[in-house]
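To start, the structure under review is shown below, and the notes come after it.
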Amino acid sequence: MWLLLAFISAGLLGLYDTSKKTALKDNAVLPVLFLNTLFSTLIFSPFILDSILGTGWFTGTFLDNDPFAGHPETSGLQEHSLFHAHILIVIKSVIVLSSWIFGYFGMKHLPLTIVGPINATRPVLVLIGALLIFGERLNGYQWTGVILSLFSLFLLSLSSKKEQVDFRHDRWIWCIAAAAVLGAVSGLYDKYILGQLGPMFVQSWYNLYQLLMMGTVCIALWYPNRKNTTPFRWKWAIPLISIFLSVADFAYFSALNQPDSMISVVSLIRRGSVLVSFACGVLIFHEKNLRAKALDLLLIIIGMVFIWIGSK
């Protein structure tokens, strides 16, 4: 079941990236990100209210909002443990929001057919992290996948020069790289906290904390300088970002919440979203230099297949 949930999450993430690219075109980044956190919080507001009021509307169902649901070893803890649970979620919110800020700025200024393949290498970082933190071991197939993925990045850096994108000196590339690293850190952290907390509790509350953080950032940084930067324009792609991401994340959290799930495999499958985003970059945004990028993408996919085979 967790594999199916991971594949569903991957397809929705591809649509999420496409909506994000559409919303950010010729638009202010920070208010778009703020609205993303706002709509996501509204989507999960019933679960937040249920958690606060203890109404039990969702208790005992597939959408269980008990923070310790599915974790009998923690279900009898006292109130201070609930405070600890929120601290864990605040930390996740900081990691994810930092990744998003870097990723949104990079996405705005780079072709989707470049951003997608770079993001698709996140499983390599997660695999290394899983090796160091969770004791997962890399075999020959997995090392082959890692090497192919890194080689594909090298080829992508060469082909991207035709579009005046220099991997070593382009600040937007560094933004995407930072977003990828922080995204990998978030994936590893998810496996840790979802071993203690219910997925719906995590997803609903971390959206609320991100909304509060992003609102503070907009008030402090964007609003006072809004007349000197790219103006904000409403686009219907903005709420689609939240819808696709919320459903994708719910499938992802539910997959990780299952005891037999492997973070390295789930993260790998989710990066299959690059196929959807790459296709949208071609069909919707009519991006260029596709033959070379397709070769880079093919190497990444082959690398992911090797990692998957080695993870079975």
Practice problem: Can you check what the net charge comes to around Ser149, using other residues whose Cβ is under 14 Å from the Cβ of Ser149 (Lys, Arg +1; Asp, Glu -1)? | Solution: +1
Quiz prompt | Accessible-area ranking of Leu127, Leu15, Leu132, largest first, probe 1.4 Å | solution = Leu132, Leu15, Leu127
Practice problem: Take each complete run of DSSP H in the chain, measure how far its Cα atoms stretch along the helix's own axis, and keep only those covering 30 Å or more with mean Kyte-Doolittle hydropathy at least 0.5; list them. | Solution: 2-24, 79-109, 171-193, 290-311
Quiz prompt | Positive dipole terminus of the stretch 135-270, leading residue within Ala220, Ala180, Phe151 (C-beta point charges) | solution = Ala220
Practice problem: Describe numerically, in nm with one decimal, the distance between label points set 7 Å from Cα along Cα→Cβ at Arg291 and at Arg226. | Solution: 4.7 nm
Quiz prompt | Which of Leu275, Asn257, Leu299, positive extreme of dipole for the stretch 236-312 (C-beta unit charges) | solution = Leu299
Self-check item: Net +/- balance of residues flanking Asp190 in space, Cβ distance below 14 Å, scoring K and R +1, D and E -1
Solution: +3
Quiz item: Hey, got the dipole for the stretch 258-312? About the Cα centre, +1 on K and R Cβ, -1 on D and E Cβ, debye to the nearest 20?
Solution: 120 debye
Quiz item: Of Ile118, Leu208, Pro231, which is farthest on the positive side of the dipole of the chain, counting Cα position, with +1 on Lys and Arg Cβ, -1 on Asp and Glu Cβ, and the Cα centre as origin?
Solution: Pro231
Quiz prompt | Inter-label distance, nm, simple model (7 Å from Cα along the C-beta direction), Val282/Val305 | solution = 1.7 nm
Practice problem: First check a/c for the chain, with a ≥ b ≥ c the square roots of the eigenvalues of its C-alpha gyration tensor; if it is under 1.5, answer rounded, and if not, answer prolate when a/b is larger than b/c or oblate otherwise. | Solution: oblate
Exercise. Report, as a whole number in µm² per second, the diffusion coefficient that Stokes-Einstein gives for the stretch 103-183 at 20 °C and 1.002 mPa s using the Kirkwood radius over alpha carbon pairs.
Key: 160 µm²/s
Quiz item: How large is the charge dipole for the chain, taken about the Cα centre, if only the Cβ atoms of Lys, Arg (+1) and Asp, Glu (-1) carry charge, to the nearest 20 debye?
Solution: 1280 debye
Practice problem: Would you kindly find the accessible area of Glu163, with a 1.4 Å probe and non-protein molecules such as ligands, DNA and RNA excluded, rounding to the nearest 10 Å²? | Solution: 50 Å²
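The values are calculated or read from the model by the stated rules, or taken from the named source; none is laboratory data. A quick note: this is a predicted structure, and the numbers were derived from the prediction, not measured. Every residue, glycine among them, receives a Cβ derived from its backbone with ideal geometry; neighbour counts consider all protein chains shown. The area values use the complete protein model at the heavy-atom level, side chains included, leaving out ligands, DNA and RNA. Shrake-Rupley method; radii C 1.70, N 1.55, O 1.52, S 1.80 Å.
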